[in-house]
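> My questions will all concern the structure given below.
Every read-out reported here was derived from the displayed coordinates using simple, explicitly stated rules and does not represent laboratory data. Keep in mind that what you see is a predicted model, and the values were worked out from it rather than measured. Virtual Cβ from ideal backbone geometry, glycine too; neighbours counted across all protein chains shown.
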Amino acid sequence: MRLDLNIFPVGRLSWGAKTCWQDGSLYVGREELAAIFAADPRLGECGIEIARPGENVRLMNVVDAFEPRVKVEGKGGVFPGLNGGLERVGDGTTNVLKGMAILALESGEILDRRTSILDMVGRASQMTPFSSLNILALFFRQKSGISKKEFADAIMTSSIKATCLVARSTLGQPPAGVERFELGLPSTRGTDLPWIAYIYQLNSMGDMRDTFFYGQNTRGLLPTIIHPNEVMDGAIVSQQYERSYTSKIDSYTHMNHPVIHELYRRNGKDLRFAGVVVTNNPQTSKDKERCASMSAKLARFALGADAVVIAKEGGGQCDSDLMVHCEKCEGEGMRTVIIAHQSVSEDASESDFPLADSSPLADAIVTTGNDRESVKVPRVERLIGAPSGLSEVRVNQGEADLPALSIFGAFSSVGGSWLRCIEI
Amino acid sequence: MGKKARVVHYLNQFFAGLGGEEAASLVLQSRAGAAGLGLRLQALIQPWGDIVATLIGGDNYVAEKGEDLDEEILRLISVSDPDLLIAGPAFNSGRYGYSCGLVCSIAGSKMKIPTVTAMFPENTAVELFRKQTFIVKTTETVRGMDEALTKISHLAQSLISRGPADPETHSYIRQGRRRNIISPHSVAERAVEMLLKKVAQKPFKTELELPSYDRVAPPPPLASLKHRKLALISESGVVPKGNPDRILSTRGDRHAKYPLNGLNDLSKDLFESVHGGYSTGHVNEDPDRAVPLDALRELEKEGVFGKLHESFYATVGCGMPVENARRIGSAIAQDLIKEGAHAALITST
């Protein structure tokens, strides 16, 4: 399968009469987007704002992020299963608006006890890649009487509609550049370079803690194979709205998957990209073991991998999925590396264990950082979204000390982080 | 060129030049300026610091009295108004190492000044004090004296000028504290790089070494529950509505005990779940789903067990530090023993 991404850079994001892209500037038509929200009976009064890198602004209750993409050639359409169409995706040509993200913010109803903010200035902004992007913020409020789940569904539907509308502004225009992603079948297993596969763990576990694959909730998903290009067309979308950022993968990151991109980058140079196994992290030990056995089998015997990169979506109990996958893969003769983040007190005053599970075979671990680092965030001039309600971590417009896991985009569990936790 | 740092140096009787083992009971005393070994240290720190006083203690005296000397040590040090305290080096001497660690931890915690000492990594004092002070690594014996003094002065200079201090550069024993740094390579890049090294059987260094977890052996099961008192404990976060005891939704640090007052089930009007690790909708519709009071009352009526404990114990885990879990478990167990329970049913999520 071969996919060309047409790159349309967004150096400037501002308002315009209609949504259009021109010479590196994206103009967003407020009314066109407002009409999307108005058409959804589950939504109350919603807002749209712009936040640019370096601006003195804080975005509150961020639940997801999207990159605007639209398919111009090839099978299917972006966000299959959620935006009409169930055709498989991953080939042809897709337009991408690069340098921006559309963020979904909610009223505080869903996150209730958690905090998820994005600062565009200060220490917190240095810990997340989203502060370097031009942000179009969609602030959602629910109609009264609507359940949390219905509200979450409305957010997802409207965010995707808005994202696609914005992406369509690139149609008919020539891109600034093209990136090609091509991966054939793992035909003959050459012995020249090692074959590396990625085991892509997702974690759907309940309302507002779900991930969608071609529009289907992945609860109960048994391991299967996907082509890495499929996620570039939005085949996997998050609805993990109730979780703090470290326990989930956002939609933008699924589309710009760091491990997939790194394996593609080195493909043919010092490794061969064998492919991707996707699986859901289930709730019981038996189910975890079954999934891990199957994932390892697919990686070894269907993809022909010599080694695998393992990363999770989820919280502490998914550290068990990391370990059991490691053991099963090593048991099939494949070498493993695990991506994990730590969650320990900074001064080691508690006898914390960095991960909730352990295995003697887990001898190669790369850490995304310690998500309990205390980060001082400054007073900001502007707040986008609603103040946090019942959250145990209180932050609004003023200065505050937060655990780093409150920052949207910090400690990406699939390797997008540029942080590293060291022991001193 | 600011003014020079004021340093207090702690030495034992031997390195202060006051005698050997026979002088090990020397009481704490202070001298102006550098003394004994301190003269060599002074030469090294000369450009940025001055040893304004030397605190001397006999190894036996300090090691035996230990924390009883806290106030005296503090008094003797603070009178010199130091910016920094250096102790030792102690190499592999257990008593001297303990004394150095003690003096450093007192100065550090009470006076809030940086402190540096130096020991052989296997010195028994290391585990006691590595978090409270910086312990530079030394050789086992005084053969490594020059190197030890040099490393001490380098680290001390960095600390006094608020420069960075890390275990690799400054050769000190890791304190177990964590810090996030920005790496030139993304996590994904580092993961693939590490994996390729592993595949090629080249040496690599994991970024995280995992500890092994101890296993708790359960006590033998009861032959029968008939006539026994059964307690109900839950980690599911079900608490009275409004969460009166402020049970945290993640990284739990406490538990609470709630009287059941003869209730036969937990109603959603009176109870809710505050757990942060799962989607609480179903449990909030019927809290018995996580804390099965209704089922237990039926079994109690049937005589499967003697009596249900009058209260239930509630907490949330969700990344609860192991220390907290030990403390909470112990507290609940003591309570249950006091109140005549024989067994406990724990529901967790």
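> Where the centre of each part is set by its Cα atoms, how far does region A:291-328 sit from region B:163-196, in angstrom?
Value for the Cα centre distance between the two parts: 26 Å.
> Give the peptides B:182-188, B:101-107 in descending order of average Cβ contacts within 10 Å, highest first.
The peptides rank, most packed first, as B:101-107, B:182-188.
> Decide, for region A:167-299, between rounded, prolate and oblate: order the square roots of the alpha carbon gyration tensor eigenvalues as a ≥ b ≥ c, take rounded if a/c falls under 1.5, and otherwise choose prolate if a/b is larger than b/c, else oblate.
Judged from the Cα gyration tensor, region A:167-299 comes out oblate (a/c at least 1.5, b/c at or above a/b).
> Ok, one more. In whole Å, what is the distance between the alpha-carbon centres of region B:84-114 and region B:201-227?
36
> Would you mind checking the tilt of helix B:322-338 against the longest principal axis of the Cα atoms of chain B, expressed as 0 to 90 degrees and rounded to 10?
50
> Taking every residue in A:367-375, how many Cβ atoms of other protein chains lie within 10 Å of its Cβ, on average?
4
> All other residues with a Cβ under 14 Å from the Cβ of A:Arg30 taken together, and with Lys, Arg as +1 and Asp, Glu as -1, what is their net charge?
-3
> About the Cα centre of region A:167-319, how large is the charge dipole given +1 on each Lys and Arg Cβ and -1 on each Asp and Glu Cβ? Please answer in debye to the nearest 20.
For this selection, approximately 240 debye.
> Just to verify a number: FRET efficiency for B:Lys112 and B:Gln46, C-beta to C-beta distance, R0 = 22 Å, to 0.05?
That pair, B:Lys112 with B:Gln46, gives E of 0.30.
> Moving on. For every other residue with a beta carbon closer than 10 angstrom to the beta carbon of A:Glu262, add +1 if it is Lys or Arg and -1 if Asp or Glu, then tell me the sum.
Overall, the nearby charge balance is +1.
> Show that you can apply the helix-only estimate: for chain B, add -39,500 (n - 2.57) for every DSSP H stretch of four or more residues, divide by all residues, and state [θ] at 222 nm to the nearest 500.
Theoretical 222 nm ellipticity from helices: -9500 deg cm²/dmol.
> While we're here: Between B:Arg327, B:Arg190, B:Arg40, which gets the highest mean-square fluctuation from a Gaussian network model of chain B, Cα cutoff 10 Å?
B:Arg327
> Right, here's the next one. Residues of A:256-266, mean number of Cβ from any other protein chain within 10 Å of their own Cβ, rounded to a whole number?
If you average over the peptide's residues, the count of other-chain Cβ atoms is 3.
> With θ taken as phi - 60° and the coefficients 6.51, -1.76 and 1.60, list the Karplus ³J(HN,Hα) couplings across region B:110-124 in order, rounded to whole Hz; mark glycine and proline as x.
Result, rounded to whole Hz: 8, 9, 6, 10, x, 9, 9, 9, 8, 8, 5, x, 8, 4, 4.
> Continuing with this model, one more query. Defining a contact as two alpha carbons under 8 Å apart and six or more residues distant in sequence, what relative contact order in percent does chain A show?
RCO, chain A: 20 percent.
> Another question about this same structure. Take peptide B:195-206, look around each residue's Cβ out to 10 angstrom, count Cβ atoms belonging to other protein chains, and average those counts.
5
> Give me the percent relative contact order of chain B, please, defined on Cα pairs under 8 angstrom at least 6 residues apart.
Over chain B, the number comes to 13 percent.
> Can you give the local net charge around A:Arg168? Use residues other than it whose beta-carbon is closer than 12 angstrom to its beta-carbon, Lys and Arg +1, Asp and Glu -1.
My count for the surroundings of A:Arg168 gives +3.
> Report, by chain and number, residues whose modeled amide H sits under 5 Å from the one on A:Gly314, excluding near sequence neighbours (fewer than 5 apart, same chain).
Under 5 Å from the amide H of A:Gly314 lie the amide H atoms of A:Lys248, each far enough along the sequence or on another chain.
> Ok, one more. Under a 10 Å cutoff between Cα atoms, tell me which one of B:Arg177, B:Arg297, B:Arg31 has the largest fluctuation in the Gaussian network model of chain B.
In the Gaussian network model the winner is B:Arg297.
> If you don't mind, there's one more thing I want to ask. Going down the list A:Lys148/B:Lys268; B:Lys110/B:Lys131; A:Lys248/B:Lys241; A:Lys75/A:Lys98; A:Lys18/A:Lys161, which pairs span over 20 Å between their C-alpha atoms?
Table pairs above 20 Å Cα-Cα are A:Lys248/B:Lys241; A:Lys75/A:Lys98.
> Then there is this: For chain B, what is the percent of antiparallel DSSP beta bridges, rounded to the nearest 5?
30
> Moving on. For the protein assembly as shown, place one equal point scatterer on every Cα, skip the solvent, and apply the Debye formula. What is log10 of I(q)/I(0) at q = 0.10 Å⁻¹?
Values returned for q = 0.10 Å⁻¹ are -1.10.
> Residues with amide H under 5 Å of A:Asn281's amide H, sequence separation 5 or more or different chain, H placed in the peptide plane at 1.01 Å from N; which?
Under 5 Å from the amide H of A:Asn281: A:Leu202, A:Asn203, A:Ser204.
> Starting with the highest mean, order B:328-337, B:79-88, A:357-366 by the number of other Cβ atoms within 10 Å, averaged over the residues of each peptide.
Listed from highest to lowest mean packing, they are B:79-88, A:357-366, B:328-337.
> Also, quick follow-up: Gap in Å between the Cα centre of region B:1-24 and the Cα centre of region B:283-338?
Rounded to whole Å, the Cα centres lie 58 Å apart.
> Could you sort A:147-154, A:118-125 so that the peptide with the highest average Cβ count within 10 Å comes first and the rest follow in order?
Sorting A:147-154, A:118-125 by mean packing, highest first, produces A:118-125, A:147-154.
> From the phi angles alone, apply the Karplus equation (6.51, -1.76, 1.60; θ = phi - 60°) to region B:53-58 and give each ³J(HN,Hα) in whole Hz, x where the residue is Gly or Pro.
So the Karplus estimates, Gly and Pro as x, are 7, 10, 9, 10, x, x Hz.
> OK, next. With angles folded into 0 to 90 degrees, how steeply does helix B:145-160 sit against the dominant principal axis of chain B? Use alpha carbons for both and round to 10.
Helix B:145-160 sits roughly 70 degrees off the main axis of chain B.
> Ok, one more. Compute the FRET efficiency between A:Arg168 and B:Glu71 as 1/(1 + (r/R0)^6), taking r as their Cβ-Cβ distance and R0 = 60 Å, and round to the nearest 0.05.
0.20
> Also: Hey, what do the phi angles of region A:27-38 turn into as Karplus ³J(HN,Hα) couplings, whole Hz, using 6.51/-1.76/1.60 and θ = phi - 60°, x for Gly and Pro?
10, 10, x, 3, 5, 4, 6, 4, 5, 5, 5, 4
> Next up: Quick one: among A:Arg69, A:Arg272, A:Arg382, which has the greatest mean-square fluctuation in a GNM of chain A with alpha-carbon springs under 10 angstrom?
Fluctuation is largest for A:Arg382.
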